[in-house]
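The values are calculated or read from the model by the stated rules, or taken from the named source; none is laboratory data. Predicted model, so just to flag it, every value in this text is computed and none were measured. In this analysis, Cβ positions are derived from the backbone assuming ideal geometry, glycine residues included, and neighbour counts consider all displayed protein chains. These area figures cover heavy atoms from the full protein model, side chains too; ligands, DNA and RNA do not enter into them. Shrake-Rupley method; radii C 1.70, N 1.55, O 1.52, S 1.80 Å.
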Amino acid sequence: MANFLQEGGNQFYTALQQKATAAVSSFFKSPLLSIQYPSQGDFMWNWQNANQVFNQSTFDYLSAVISQGDFTNSAKLSSAGGFPNAYTQLLNSLVYSLSNANQQKLIQAQSNASQQAQTIVSDYQTTYGAITDDQMKAAGVTTKQDYVISYILGSVWSGKGTSAPLTYTQMAQARNLAQLMPKMPASGTQVLTDVTVYLNLMQPVNALSDNLQYGAWMLSSLKTNTQYPSASNGGMQTVNPNTGVVSPQYQVGYGISYPTQSISNDLQNKSRTIALSMSTSSASGGQISVHVEGQAGFSVGSVLRFSVAGGASYDMSEVSGTSTDCSIQMTWAGYSMVPSAPLAWQQATSQGWYYGDPIAQAIANGNKDVDGFKFITAPPFNLGPLAAGGNFGQLTNLLIANYPTITITYKNANFSSFKQAWSEHVSGNLTLFGFIQLGSFSQGAYSSSYQEGSDNSTFSVTFSASPALTGVPQLQQTAFVIAGAVATPPGGGANVASAAKTRASMQEA
Amino acid sequence: MLHLKNIAAGLVCLTAFLPAGFSQLLTGAATACAVQDTGAQRIAVPFFSVLTDAINTAVSGRYDLRLKLVAYPAQGDLMWYYENPSGVFNQGTFDFISARACKGTVPYTAALSAPGGFPNAYSQVISSLYYNLSSADRQRLSNVTLAAREEAAQLVQSYESAFGSISGAQIDSAAAQYGPWISTKLDYIINVVAGSRWSGREAAGLPPLSYTDMTCAKDLSALLPDRPPNSSGTITALRAYLDKVHSVTALADSASNGSWTVRQLQNNTGRPGPGNGGMKTVDPNTGAVSAGYQPGYMVMNPLTGISNDLHNTDRTIRIVMQIRKTGPDLIRIRTAWNATEADTFSYLLPDSVYIDLFPLPYGQSDQVIEITYYGFSMITTQPYAWSDSSNTGWYDAYPLDQAIRNDTQDVTGYKLASWPPPYNMGAYEEGGTFGQITHLLICNYQQFSATLGYPGEALPALRGAAWPMPSASVPVLQQTAYVIGGAFSFPGSGP
């Protein structure tokens, strides 16, 4: 991209980002980034049909993975579904494992428990005599440990008999083991306490085992719900906004916790505006010097181009009667903050698919020898902040508005000449600096009006969204995306990939 | 009352009048749940510090809380109508209050995780929770017979002195009558003589008193009404023996009870149901009630109270910031509560603050920012606390607190097998990432305006539009309130 275009984009997106941040700062205490115009087009804000089926085009926008934009303070979207696709890849590079130290502890604890089991048998035999093979055979057990715990405690001391003895699990989970032993003799105290010690020694073993299983289960649940969304795990069907057809397949769930009625109310509240101003003047080489919000200038070949049906387009600095000496005011009215999120995974219901904590924990764990989630292979994404080249962002909020109204006020111009050359009845699309689209429609988005100034050398032209837009079907109604808030995994950075590589090489070794 | 606060060197250093520890907030350390991408943003940090102070000043005296601003979450605003007419909890409300809270990437803010983040995190942490006896206590437990040996010998001697020697035939006879577990003299005295005969249960045709019954008896003599006159020495020896054993077996009870508690917490969190306090939720969009159960949450305020508050526009918090660009710059804050002036204090700011201070363009002179929160209400919320007696609920901070304190020490009590835990269990100021929402200060809408303060000049409202009130067309379960700030607890971070 030519330097002047880059600078133009930098200044425009930065100014828009700052204006948007300022407009919502009183309630939105998070950073915003300008959003580059994506291949998805504008945002279809009517996010569900009358049967509350999610709008496929809204999904296409929200489910993109976000990366650093081409311009300062901007972000850009991937194609539709980029985020769940990327998330699936990340999940497949995760494992849950115990640290070497805890694996050793597990082995040691099992060994200790085994020693304690021998103590149980020994103390039992000291008090009650040696356990014979015949006794074990009669009790239906094969080891002395089972004889004491399963038979003596489970059947005899518990009073349950051999038909419905207390199980080992019941004893292990008992709130008070002694209360389960109404027929324990007074001399049984030693054995009972030995068993209690045995069960207690198993607690850290069981806890580590439970923790390991929990991590593995969580990962498995996340993968299943992301890769195989269904009605039972929070997946959702979508409705084609063009045909109204509901998809037979399920997508991963997304939600917008802001009713369409509220979005509509916001868009109609035109008293809330975000405005951006520019001034232009002639520069050398047929270029135009542009100053955005009073910043240092840059030069472009075209500031604002109006394209109409049939392919004709008009550079608004070259139309007859216009001049390069003008000020431009862009005003977005009726803005609305639309919060959105993937359906969050819930441990209690196993519903939902997105849970960022395992990724965050894997990042934090890095190469450390600790329990928890780790990357077993290098994640295929930069998990850092967008400004650091991160490309695993997800949208959390979108600041949308009606299409901007653009007023160009010319000086040193010729209104009579312009009036003869210009038709207010033509509608079309607007492009800023030759590459920033201000909305896009198959039919023209904008119509224009003009007004003479104090004399013939001064006049203004105003482009505003075409009334034809109101005739668009509900599900296809779109809004201009001014900015968005983006979430990236906390702590994500360059060290993640190297940590995973090291781990992989260690495992190979 | 007028306070003066000095803000130095670009970022803020409010030390003179802030609570101890508050200055740690200024470091702005990254946290593991605030995932908002800050990128190359320039955030109105000084504005947030001033606003935080102003809001807390306004509410001080009414609420004994230190509120923090809440970074706008992906959940959006709070769906305050927290249950449908059938009493089913609003999923939208659940999504907000069940988030995990931590220090935000933007200083002075708290960030919220995705919905359900707190029970998810709690479930993961307690999956490695266990109750353990220290090595020393395990040894004490193992030596229970050794500890009671003298008392046992004394008991047998005392009995045989009074009633004659116990023969093998007597033990065999008792075993035949009561069961094979009667095999020693000690068993014979405690289970047969005391537990069955002296207790009167043999005469009544009842099974003997259990050993546990006698160990835990409030008054042992009362349990033995048929004891003979010459039994006092034996009773005394029996009591001494039981006391000795009981002092040690109490450890066993505590171990069993602790382990049982952990399992109930794990079960009730991971498998909530109608029997343990789990709750279904209603989708505010579709009205559908969930098939599955979530861990229970409660909002302590009645719906009518919240509704009345939100629609009472006399309930206002008003904050006026008068900014005078003199050297050094001065911000004078006036706060008001229900139209009554609450407090006034001033900040000194360096020039550089103007660059960042929302929303004022650099170089402007005297200005006034006015923020009014209309129809405020303080919401109190909590997870369904686990009850030992009913075994309902899922949240109990005590075992976690103790496990964090116990660390990896060889002590009796709760511990985490997987150490360190996967979250920072410190307080907000310490970058804690395991916070739960306890209070939310909400309002119906806020009015914001910034005006130029030149005498005689019109005071244009730069951005004076109100946050829209919930429209009548918005379904009741989807009606939202703006969250001004919140208070949080961080289990494991100590008192």
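Quick notes on this one:
Conditions (1) more than 9 Å from chain B (Cβ to nearest Cβ); (2) touching a residue at least 40 places away in the same chain (Cβ under 8 Å); (3) in contact with a strand residue (DSSP E or B) (Cβ under 7 Å, 6 or more places away or on another chain), marked per residue:
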{"site": "A:197", "(1), (2), (3)": "no, yes, no"}
{"site": "A:217", "(1), (2), (3)": "yes, no, no"}
{"site": "A:231", "(1), (2), (3)": "yes, no, no"}
{"site": "A:243", "(1), (2), (3)": "yes, no, no"}
{"site": "A:263", "(1), (2), (3)": "yes, yes, yes"}
{"site": "A:275", "(1), (2), (3)": "yes, yes, yes"}
{"site": "A:281", "(1), (2), (3)": "yes, yes, yes"}
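- Failed criterion for residue A:224 (all others in (1) farther than 24 Å from residue B:263 by Cα; (2) within 8 Å of chain B (Cβ to nearest Cβ); (3) surrounded by fewer than 22 Cβ atoms within 10 Å (Cβ to Cβ) hold): (2)
- Verdict on residue A:324 being open to solvent by less than 10 Å² (accessible area, probe 1.4 Å), away from chain B (no Cβ under 14 Å) and outside any helix (DSSP H, G or I): no
- Only listed residue being at the interface with chain B (Cβ under 7 Å from one of its Cβ atoms) and either buried (at least 23 other Cβ atoms within 10 Å of the Cβ) or of a type in the set (Gly, Ala, Ser) (or both), chosen from A:393, A:334: A:393
- Residue satisfying condition, being farther than 27 Å from residue B:241 by Cβ, of a type in the set (Asp, Glu) and part of a helix (DSSP H, G or I), within set A:123, A:194, A:146: A:146
- Every residue from the range B:63-92 that is of a type in the set (A, V, I, L, M, F, W, C) and not in a loop (DSSP other than H, G, I, E, B): B:69, B:70, B:78, B:79, B:89
- The lone exception for residue B:304 - which of (1) on the phi < 0 side of the Ramachandran plot; (2) at pLDDT below 90 it fails: (2)
- Selection of the range B:205-248 for residues being outside any helix (DSSP H, G or I), of a type outside the set (Ser, Thr, Tyr) and modelled with pLDDT under 85 yields B:216, B:217, B:218.
- Within the range B:108-122, the presence of at least one residue that is farther than 30 Å from residue A:215 by Cβ and touching a strand residue (DSSP E or B) at 6+ places or on another chain (Cβ under 7 Å) is confirmed.
- Within the range A:44-60, being without any contact (Cβ under 8 Å) to a residue 60 or more places away in the chain and of a type outside the set (S, T, N, Q) holds for A:50, A:60.
- Test: residue in the range A:368-385 that is within 23 Å of residue A:482 (Cβ to Cβ) and not basic (Lys, Arg): yes
- As for the range A:97-108, it holds at least one residue that is surrounded by fewer than 21 Cβ atoms within 10 Å (Cβ to Cβ), over 30 Å from residue A:221 (Cβ atoms) and more than 22 Å from the chain's Cα centre (by Cα).
- Selected residue (criterion: farthest from the other protein chains (Cβ to nearest Cβ)) from residues of the range A:166-184 that are open to solvent by less than 30 Å² (accessible area, probe 1.4 Å) and free of Cβ contacts under 8 Å to residues at least 24 places away in the same chain: A:166
- The number of residues in the range B:463-482 that are more than 9 Å from chain A (Cβ to nearest Cβ), at pLDDT 90 or above and either open to solvent by less than 40 Å² (accessible area, probe 1.4 Å) or assigned to a loop (DSSP other than H, G, I, E, B) (or both) comes to 2.
- Per-region count, the range A:238-264, residues open to solvent by 20 Å² or more (accessible area, probe 1.4 Å) and of a type in the set (A, V, I, L, M, F, W, C): 2
- One residue stands out in the range B:433-462 among those that are part of a loop (DSSP other than H, G, I, E, B) and in contact with a strand residue (DSSP E or B) (Cβ under 6 Å, 6 or more places away or on another chain): the one that is modelled with the highest pLDDT, namely B:433.
- Scan of the range A:265-287 for residues that are assigned to a loop (DSSP other than H, G, I, E, B) and open to solvent by 60 Å² or more (accessible area, probe 1.4 Å), ordered by number: A:270, A:271
- Any chance residue A:366 is within 14 Å of chain B (Cβ to nearest Cβ) and surrounded by fewer than 17 Cβ atoms within 10 Å (Cβ to Cβ): no
- Filtering the range A:140-166 to residues that are in contact with a Lys or Arg (Cβ under 9 Å, 6 or more places away or on another chain) and among the polar types (S, T, N, Q) leaves only A:158.
- Residue check for residue A:341: facing chain B (nearest Cβ under 7 Å) and within 28 Å of residue A:236 (Cβ to Cβ): yes
- Residue check for residue A:74: more than 14 Å from chain B (Cβ to nearest Cβ), of a type in the set (Ser, Thr, Tyr) and under 18 Å from the mean Cα position of the chain (by Cα): no
- Restricting the range B:162-185 to residues that are in contact with a helix residue (DSSP H, G or I) (Cβ under 7 Å, 6 or more places away or on another chain) and in a helix (DSSP H, G or I) leaves a set whose member that is farthest from the other protein chains (Cβ to nearest Cβ) is B:162.
- Any chance residue B:158 is in contact (Cβ under 8 Å) with a residue 60 or more places away in the chain and either within 11 Å of another protein chain (Cβ to nearest Cβ) or part of a helix (DSSP H, G or I) (or both): yes
- Taking the criterion of being more than 9 Å from chain B (Cβ to nearest Cβ) and surrounded by fewer than 24 Cβ atoms within 10 Å (Cβ to Cβ), the residues of the range A:149-165 that qualify are A:150, A:151, A:155, A:158, A:160, A:161, A:162, A:163, A:164, A:165.
- Residue in the range B:128-143 that is farther than 30 Å from residue A:200 by Cβ, open to solvent by less than 70 Å² (accessible area, probe 1.4 Å) and among the hydroxyl-bearing types (Ser, Thr, Tyr) present: no
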